[in-house]
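Asker: A single structure is presented below for examination.
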Amino acid sequence: MTTKERYERVRAELDEVCRRCGRAPEEVTLVAVSKTVGPDDVALAIEGGATDFGENRPDQLVPKADQFTQANWHFIGNIQSRRIKDIVGRAALVHSLFEESHARKIDECAARLGIVQDVLLEVNVSGELSKSGLEPDQVAEMLAVCESLPNVRVRGLMTMAPQGDADVARKTFADLRSLRDELASQLPSEKAACFTELSMGMSEDWCEAVEEGATIVRIGRAIFSESF
Ligand SMILES: *Cc1c(COP(=O)(O)O)cnc(C)c1O
């Protein structure tokens, strides 16, 4: 199978899972995580209908986003302060914000460009030591910090589930959804209307994520790896 065919197959499976659980396929954005491949594979995925791509390193984001301006680019990796200027504006959505100093720097860079940067707050729902992100009980405070930054708009939450156990993954996703709902209920209604996204689910666990309410799935290997 080619990258184009794999993209088409994943999108078709995603549409089918949406229908099975009573959701409209348009509710779920498929982010093709292209971090392991070059521009040729990005082009093939676009031929298959891909509109959104994810990268976890600025070195990869910058050339690809500048070459494929017709796509939406998502930054899903570890944020380093000195690279924020390369990410802001290029990324339609930054999924991995969890440090206050980074939020302030994103706000400064976005203000300089005259834009509002959309972000998600990364939450370490499972509590695994190897995972980054806010503890669930720190999210409200971080949200309040971001509310005070005029050029940052928090659109929702992101998490990564522990790999290897579908039930544990499902519980992680359900917990992220509950957290979003609880936080949204405490926001003024015009802010709550923007705070809707749940970025959760990767190649191995996206079905569970969609069933638990994901609005964005981030899929790499199932699209770009011949051996997945
Ligand atoms: C690499 C990566 C993905 C995609 O993972 P696959 O298992 O290849 O689908 C999703 N999210 C993040 C944050 C990643 O770094």
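Asker: Which members of region 123-132 meet the condition of being in contact with a helix residue (DSSP H, G or I) (Cβ under 9 Å, 6 or more places away or on another chain) and more than 17 Å from LYS171 (Cα to Cα)?
Answerer: Matches in region 123-132: none.
Asker: Which one is farthest from LYS131 (Cα to Cα) among residues in region 69-106 that are away from the ligand (no atom under 12 Å from the Cβ) and among the small types (Gly, Ala, Ser)?
Answerer: Once the filter is applied, the top-ranked residue is ALA71.
Asker: Does GLU141 satisfy the condition of being part of a helix (DSSP H, G or I), out of contact with any Ser or Thr (no Cβ under 7 Å at 6 or more places or on another chain) and surrounded by 14 or more Cβ atoms within 10 Å (Cβ to Cβ)?
Answerer: On the way: part of a helix (DSSP H, G or I): yes; out of contact with any Ser or Thr (no Cβ under 7 Å at 6 or more places or on another chain): yes; surrounded by 14 or more Cβ atoms within 10 Å (Cβ to Cβ): no.
Judged against the criteria, GLU141 is not a match.
Asker: Starting from region 210-225, keep only residues that are over 16 Å from GLU55 (Cβ atoms), then list their pairs with residues that are near the ligand (Cβ under 7 Å from one of its atoms) whose Cβ atoms are within a distance under 7 Å, requiring at least 6 positions of separation or different chains.
Answerer: ALA222/SER203
Asker: Another question, if that's okay. In region 103-127, which residues are exposed (fewer than 14 other Cβ atoms within 10 Å of the Cβ) and outside any helix (DSSP H, G or I)? Explain how you work it out, then say what you get.
Answerer: Quick first cut of region 103-127, residues exposed (fewer than 14 other Cβ atoms within 10 Å of the Cβ) only: 112-115, 127.
Scanning region 103-127 gives GLY114, ILE115, GLY127.
Asker: Do you know which residues across region 169-188 are farther than 11 Å from ALA209 by Cα, in a helix (DSSP H, G or I) and more than 17 Å from the chain's Cα centre (by Cα)?
Answerer: SER178, ASP181, GLU182, LEU183, ALA184, SER185
Asker: Among the residues of region 193-213, which ones are more than 12 Å from the ligand (Cβ to nearest atom), in a loop (DSSP other than H, G, I, E, B) and in contact with a helix residue (DSSP H, G or I) (Cβ under 7 Å, 6 or more places away or on another chain)?
Answerer: The answer is PHE195, GLU212, GLY213.
Here, each number is a calculation from the coordinates, and none is a lab measurement. Every value quoted in this text rests on a predicted model; they were computed, and no experiment measured them. So basically every Cβ, Gly included, is an ideal-geometry build from the backbone, and we count neighbours across all protein chains shown.
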